[in-house]
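Trainee: Before I ask anything, let me first share the structure, which is written out below as structure tokens.
The values are calculated or read from the model by the stated rules, or taken from the named source; none is laboratory data. Treat the numbers as computed from the prediction; the structure is a model and nothing was measured. No Cβ is skipped: glycine too gets one built from the backbone with ideal geometry, and neighbour counts run over all protein chains shown.
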Amino acid sequence: MKATTVVVLAAYLLIAAACSSENGKRESSANDPSTSQASSAAGQVSSTATNPAAPSESETDRAITQGITEAIVGNSSLSLSAKNISIATHNGQVTLRGAIDNEGERATIGGIVHGISGVANVDDQLVVQKAPTGS
């Protein structure tokens, strides 16, 4: 149980650090008078070109993702696998990816996601992992 708590705490800290780092970049760029609009636009184009699968995330999308993450991590009936799924939100469209232990977890996670305000649609790409066979 302690190991799970440590993993969950570490995940929260990483998410908070990433959000803080991204906000810091935006603020410093916006407050830097030497930064021109052309270089700003070029930076946006290059980051999109190098990673086209990384859409910009609105405050609403971040709130949706955070709400889902907190609810999943806080649900004691879900396995560690289920608590480590990937959650991405873009314009209210939530995409779930990763391995879960059973269909019951899919139903629980689906209920959590649909219970979060702002969710428009869910793309469930979760995969039930097969239990290891014993020798």
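Trainee: Could you please find all residues in the range 82-107 being crowded, with 17+ Cβ neighbours inside 10 Å and not in a strand (DSSP E or B)?
Mentor: A82, K83, I85, E105, R106, listed by residue number.
Trainee: Go through E57, E70 for me and flag whichever is in a helix (DSSP H, G or I), charged (D, E, K, R) and either within 13 Å of the chain's Cα centre (by Cα) or modelled with pLDDT of 95 or more (or both). Outline the logic, then answer.
Mentor: Values: E57 fails: in a helix (DSSP H, G or I).
Unique residue meeting the criteria: E70.
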